[in-house]
């Protein structure tokens, strides 16, 4: 019995999927099944109840899983402790992030981190918000970067920064000429929005309700880049994070206008699993994200 066997079994239990556990460990689905049966032979006990349609552990399987998690935690603590003793900052960091943060907020931080710690391998994957949470819960990523973080019992959320929400329009749109803009001024205009399940869209909907402005988006998209393209061809206006449109505003392809209304901010957070052992590299990464934004 090796530490890798326990990790594969723990991943299988947490994802409740042979295919997902296989992907996490870079092996085939058949190999995960073989590992599970090998552990059952080793412990001389049935660990997975195969009579159930959905993945279900037996009492013995639950006991093995709980002990496996404790062993894996102690092992990770040992490795991290040894790295700290030798002042080693290396290894890999897996980041799952929503598009707007990954494309517009994260790059200068990654640049600074890799300049300071070039031996660390940083892998960034762009995901929808709900999938970022899933990746962290299933150990497919070490950190998740999201906007308007939700409270999840198994997750720790570290405040990252706040970004102002602004209005973007075509440069010749009537609202582009307004130096002083309120949310109420959007009444009667066509709104381009994110899809309903995206946290920033939910926040925008709440802002409109709070200001008693009734607008139904004429177009809905799942990422910031497509929203911007639709505004550039004057299909409507949009409320978006300021950091995502600075370049277009500078180039003149979009007009960006702040609101005078208070409280139009988008909080960003770093997610990781509660109780997770952070390696020296992971601690340094969180430390850099907590500093003032570096210049790109």
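Using Cα atoms only, what is the angle between the long axis of helix 280-289 and the major principal axis of the chain, expressed in degrees (0 to 90) to the nearest 10?
For 280-289 against the chain, the angle is about 10 degrees.
Please work out the C-alpha center-to-center distance from segment 250-271 to segment 1-40 and express it in whole Å.
Segment 250-271 and segment 1-40 have Cα centres separated by 44 Å.
What percent does the relative contact order of segment 166-241 come to when contacts are Cα pairs within less than 8 Å and at least six residues apart? Before the final figure, lay out each step's value.
Numbers: 102 pairs, mean separation 36.6, N = 76.
Value for segment 166-241: 48 percent.
Using label points projected 7 Å from each Cα along Cα→Cβ, tell me how many nm separate residue 247 and residue 70, to one decimal.
Distance between label points: 5.1 nm.
Which entry in [x] 44, 23, 15; [y] 36, 20, 18; [z] 32, 26, 18 is this structure's computed semi-axes √(5λ) of the Cα gyration tensor in Å?
After the calculation, the listed value that fits is [x].
Run through the DSSP bridge list for segment 1-142 and note the antiparallel percent, rounded to the nearest 5. List each step's numbers first, then the result.
Values: 1 of 8 bridges.
Roughly 10 percent of the DSSP beta bridges within segment 1-142 come out antiparallel.
What's the angle, to the nearest 10 degrees (0 to 90), between helix 107-116's Cα axis and the longest principal axis of the chain?
Computed tilt is about 50 degrees.
Given the chain, what percent of its DSSP beta bridges are antiparallel, to the nearest 5? Don't jump to the answer; show the numbers that get you there.
Values: 22 of 37 bridges.
That works out to approximately 60 percent antiparallel.
How big is the antiparallel share of DSSP beta bridges in segment 162-266, given as a percent to the nearest 5? Working shown, then result.
Working: 10 of 15 bridges.
DSSP beta bridges in segment 162-266 are roughly 65 percent antiparallel.
Express in whole angstrom the spacing between the alpha-carbon centres of segment 166-244 and segment 126-140.
Cα centres, segment 166-244 to segment 126-140: 27 Å.
With angles folded into 0 to 90 degrees, how steeply does helix 29-43 sit against the dominant principal axis of the chain? Use alpha carbons for both and round to 10.
The answer is roughly 40 degrees.
Quick one: compute the contact order of the chain, relative version, from alpha carbon pairs under 8 angstrom and 6+ residues apart, as a percent. Walk me through the numbers on the way to the answer.
Values: 458 pairs, mean separation 66.4, N = 296.
Across the chain, relative contact order equals 22 percent.
Once both labels are modelled 7 Å past Cα along the beta-carbon direction, what's the residue 206-residue 158 spacing in nm?
That separation, rounded to one decimal, is 2.4 nm.
Can you tell me the length gained on complete extension of the stretch residue 277 to residue 184, counting 0.36 nm per residue apart and subtracting the Cα distance?
Details: separation 93, 0.36 × 93 = 33.48 nm, distance 4.76 nm.
Full-extension gain reported as 28.7 nm.
FYI, it's all coordinate maths here, none of it is from the lab. These numbers were taken from a predicted model, which means no experiment stands behind them. Heads up, the Cβs are rebuilt from the backbone with ideal geometry, glycines too, and the neighbour counts pull from every protein chain shown.
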